[in-house]
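The values are calculated or read from the model by the stated rules, or taken from the named source; none is laboratory data. Predicted model, so just to flag it, every value in this text is computed and none were measured. Cβ: placed from backbone, ideal geometry, glycine included. Neighbour counts: every protein chain shown.
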Amino acid sequence: MSATPQSSTELDDGRLSIEVKEHPAQNLVQVSLKGRVDVFTYKSLGDQVAAIYNERPELRLVLDLSGVAFVASSGWATFLTIRSRLARLNGKLVLAGLSGELQKVYDALNLEPMLPRYADARQASEALARG
Amino acid sequence: MRSVQARLRLEPLNGLDAAQIDQVHRLLQDSFAKAGHSTAAAYASASVVEELCANVLEHSNATWLSLDLDLHEGRIFVRIQDNGSAFDVCARIRQLSGGLAERSDGDRQLGLFMVRQLTTGLQCLQDGGINRVQFEVKPQHGRE
């Protein structure tokens with residue numbers, strides 16, 4: 001799957017960085033996060049991702065969390081908001097690359113039905129590309 | 001696994017302050033490392049403690065907050081106290097029903113849902129202008 005790196009952005013004094021890779025042929029975007037998704041970064045993250053999916057019907061978005069050290073409740077809530085807004089545009093959000101620690105909280109919150117996850121971004125992208 | 005007790009007092013409070021939240025995380029990381037707890041235990045505890053501390057810093061107008069951590073025989077006990085306006089976390093959590101998938105307001109209540117899912121024995125007390133929240137991190141998150 002060919003990708004064109006589009007942008008890399010640091011948010012909130014480097015607390016979180018975002019790298020966006022477009023896969024235009026599949027109408028798929030991979031957003032890789034590095035740092036912390038917490039009460040200080042969730043708004044900026046939501047805004048950055050909204051700028052990607054706005055007015056793009058049927059967009060498939062992979063949120064790669066392999067570089068994320070911590071997700072607070074505000075971060076999980078942001079993922080759910082992104083998922084809802086994408087769904088309104090017939091799009092889809094999946095997560096990838098959760099660490100073991102992150103996975104335990106994800107399981108405790110029973111997020112699987114709402115936010116499907118894959119072992120890594122490649123598997124997630126391939127699954128979404130297959131439809 | 002060693003027993004460790006640790007305490008942090010934040011004063012004065014400056015609203016939602018990244019440096020103060022980072023102090024909370026450092027205390028948790030150092031204490032769990034000393035006690036030999038798993039990183040999963042530290043992570044689950046940090047998720048709940050950040051949620052509750054951030055609520056106090058952002059909404060309560062408290063001038064101080066204290067965090068007490070007691071790691072003993074593989075169990076994790078946490079107590080958070082502040083002198084802000086009372087927010088009864090326990091009452092709010094009792095009002096939650098079902099899982100996130102069944103809730104229309106799921107993402108808005110996620111912080112409380114997280115506290116409910118990751119803790120046991122949650123108690124909320126108010127005495128003499130001091131609010132106290134104490135709980136144990138659920139064993140499946142406290143141990144490997």
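Scanning region A:22-55 for residues that are closer than 24 Å to B:V24 by Cα, touching a Lys or Arg at 6+ places or on another chain (Cβ under 7 Å) and assigned to a strand (DSSP E or B) yields A:G35, A:R36.
Applying the condition of being surrounded by 14 or more Cβ atoms within 10 Å (Cβ to Cβ) and away from chain A (no Cβ under 11 Å) to region B:2-17 and asking which residue is nearest to B:H72 (Cα to Cα) yields B:V4. Pairs are defined by a Cβ separation below 7 Å, a sequence spacing of at least 6 or placement on different chains, a first member in region B:18-37 that is more than 12 Å from every other protein chain (Cβ to nearest Cβ), and a second member that is basic (K, R); the pairs so defined are B:K34/B:R2; B:A35/B:R2; B:G36/B:R2. Checked against (1) outside any helix (DSSP H, G or I); (2) buried (at least 19 other Cβ atoms within 10 Å of the Cβ); (3) modelled with pLDDT of 95 or more; (4) not small (G, A, S), A:E19 meets all criteria but (2). Taken across region B:98-112, residues that are crowded, with 18+ Cβ neighbours inside 10 Å, assigned to a loop (DSSP other than H, G, I, E, B) and away from chain A (no Cβ under 14 Å) do not occur at all. Just give me the residues in region A:56-81 being assigned to a helix (DSSP H, G or I), more than 12 Å from A:L33 (Cβ to Cβ) and of a type outside the set (S, T, N, Q), in sequence order. Scanning region A:56-81 gives A:W76, A:A77, A:L80.
Does A:V49 meet the test of being among the β-branched types (V, I, T), surrounded by 19 or more Cβ atoms within 10 Å (Cβ to Cβ), in contact with a helix residue (DSSP H, G or I) (Cβ under 9 Å, 6 or more places away or on another chain) and closer than 30 Å to B:T119 by Cα? The answer is no for A:V49. Each residue in region A:85-131 was checked for being away from chain B (no Cβ under 14 Å), part of a helix (DSSP H, G or I) and either surrounded by fewer than 20 Cβ atoms within 10 Å (Cβ to Cβ) or not hydrophobic (A, V, I, L, M, F, W, C) (or both), and 8 pass. Pairs are defined by a Cβ separation below 9 Å, a sequence spacing of at least 6 or placement on different chains, a first member in region A:74-94 that is under 15 Å from A:K43 (Cβ atoms) and without any contact (Cβ under 8 Å) to a residue 60 or more places away in the chain, and a second member that is among the charged types (D, E, K, R) and part of a helix (DSSP H, G or I); the pairs so defined are A:S74/A:K43; A:S74/B:E51; A:T78/A:K43.
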